[in-house]
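A short write-up of the structure that comes next.
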Amino acid sequence: MIDRGRIDPEAPLSTYLPEFTGVKAGMTMRQLFSHTSGYGNDSADPVLLDDTLTLAQAVDEIACCHDFPIGYSVGGQFAYGGISMHIGGRVAEVVSAQDWEDGWQAALGAPLGISSIDWQGLGPTQNYMIAGSARSNLRDYGRLLHLLLNEGWSNGRRLLSRDAVFRFWHDNVGSLPVIDPPPTASAPVLYGFGSWLDNTRPASQRPLIHSLGAFGFFPWVDFQYGLYGVFMIRGLPGINTRGFDVYLGMLQSIRDEIGSGSCELIETFDDVFADGLEGGDAPR
């Protein structure tokens, strides 16, 4: 929607949702998707989990009755949570005049050849938890990661601009205070547009972005080395609190294996997504 000029990421939220008034009216889409909007620490809020509501109804309730935590302000801190992305998802529905899932499928799902991605991972609902209920099979998720690695080009066409992909690269935390980050986050916290940045990567290199979750699911895109993938660990919540260094070690092993030329999966890896690698614009 930003690419299409339908959303200005720096415009006040009230431009799209006039029901947000007062200080909440000044939140921006960039802040909503980088956890710097003023909301946070709210991923278990009942309004996000109420399957009797639609996304529109849930966001109306947030506008009416959910204030910022005490001491929080618009753009004043990084605080990880789910309400802000809920609001951002509703903005996408309004500007596209489509249900969130239908809009996703029309804009990206169908052009990518994806059929499995929806937001029903926590049970049937129209109150889509934008920040945490998506589900997919591995092939379809791989197509999405490849789209990002390939800077918006897939299936012989451009689906996202490079500028859109580069939004994932830009750290939105900076010097803001980091309030109650999830246990999977390590200092210094670097967060882009709905994605974490590897804080061990030198600033002179292209980044590694990821979405390390609490339950052992870790998708990543390494723009420096031209790789993407998913690590999945079955275990209890909090298994990832042992540290990001475990995953860095696994990533380095993959890079070493490919660099040595002994990786037997390279041919299969290329073949699976060959249709997404055809065409011009220097795809990788």
What are the residues in segment 186-204 that are of a type outside the set (S, T, N, Q) and either at pLDDT below 90 or closer than 15 Å to Leu248 by Cβ (or both), if any? Ala187, Leu190, Trp196, Leu197, Asp198, Arg201, Pro202, Ala203
Inter-residue pairs, beta-carbon under 7 Å, first closer than 16 Å to Leu145 by Cβ and in segment 156-177, second polar (S, T, N, Q) and surrounded by 14 or more Cβ atoms within 10 Å (Cβ to Cβ), 6+ apart: Phe168/Ser195
Which members of segment 133-163 meet the condition of being closer than 22 Å to Val91 by Cα and surrounded by fewer than 16 Cβ atoms within 10 Å (Cβ to Cβ)? Arg135, Ser161, Asp163
Count - residues of segment 164-189 that are in contact with a Ser or Thr (Cβ under 8 Å, 6 or more places away or on another chain), under 24 Å from Ala92 (Cα atoms) and of a type in the set (Val, Ile, Thr): 1
Could you say whether any residue in segment 72-79 is under 14 Å from Asn127 (Cα atoms) and modelled with pLDDT of 95 or more? no
Qualifying residues in segment 25-82 (those that are crowded, with 22+ Cβ neighbours inside 10 Å, touching a Gly at 6+ places or on another chain (Cβ under 7 Å) and hydrophobic (A, V, I, L, M, F, W, C)) - the one farthest from Pro182 (Cα to Cα): Leu55
When you look at Gln105, is it assigned to a loop (DSSP other than H, G, I, E, B) and in the same structural domain as Pro69 (by TED's automatic domain parsing), yes or no? no
Could you pull out the residue among Ala63, Ala56, Ala44 that is out of contact with any strand residue (DSSP E or B) (no Cβ under 9 Å at 6 or more places or on another chain), small (Gly, Ala, Ser) and either assigned to a helix (DSSP H, G or I) or outside the structural domain of Thr21 (by TED's automatic domain parsing) (or both)? Ala63
Checked segment 66-102 for anything among the hydroxyl-bearing types (Ser, Thr, Tyr), free of Cβ contacts under 8 Å to residues at least 60 places away in the same chain and part of a loop (DSSP other than H, G, I, E, B); matches are Ser73
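The values are calculated or read from the model by the stated rules, or taken from the named source; none is laboratory data. Not measured: the values here are computed from a predicted model. As a convention, Cβ positions derive from the backbone with ideal geometry for all residues, glycine included, and neighbour counts pool all protein chains shown.
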